[in-house]
1. Pick from the stretch 93-136 the residues that are part of a helix (DSSP H, G or I) and charged (D, E, K, R): which of them is nearest to V81 (Cα to Cα)?
2. Just wondering, is there one or more residues in the stretch 97-104 that are modelled with pLDDT of 85 or more, at negative phi and over 24 Å from the mean Cα position of the chain (by Cα)?
Amino acid sequence: MPTFLLLNSGIMWPSVAAGNLDLLSLTIFVILTIVVGAVLLILSELLGPRRRDPEKETIYECGVPLLDSAREPFTVKFHLVAILFILFDIETVFLLPYAVVYKKLGIVGLAEMGVFLLILAGGLVYLWKRGALEWD
């Protein structure tokens with residue numbers, strides 16, 4: 001059964017336990033973010049310019065008229081570089097939590113992170129030697 005706080009104004013407010021306060025503030029933040037985003041989209045639609053300009057509707061590529069079809073397939077090299085980028089981006093995702101708690105992990109955590117980085121560095125050297133990072 002929830003407990004209530006009686007404020008000076010006479011309004012009864014439910015009291016929030018310390019553990020639920022983080023969840024409550026996060027929920028309020030998410031709701032406010034969605035509301036502000038929706039309001040801004042609606043306002044831009046209502047207050048934005050209504051006239052259509054044929055010049056603005058044309059397809060362009062970096063300010064230059066389109067030279068070729070945009071429906072041509074990408075090369076395998078493009079996809080390989082994209083996958084490698086994601087791989088080494090995930091490395092950063094694993095490094096950030098370690099950077100936060102490295103003092104608590106001590107020398108064991110340092111050794112584990114060293115092994116992790118050596119494996120990734122070995123993979124990078126392998127890809128470099130195989131020519132996967134060359135863009136021809």
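1. Among those residues, the one meeting the criterion is R130.
2. So far as the stretch 97-104 goes, yes, one or more of its residues are modelled with pLDDT of 85 or more, at negative phi and over 24 Å from the mean Cα position of the chain (by Cα).
The values are calculated or read from the model by the stated rules, or taken from the named source; none is laboratory data. These numbers were taken from a predicted model, which means no experiment stands behind them.
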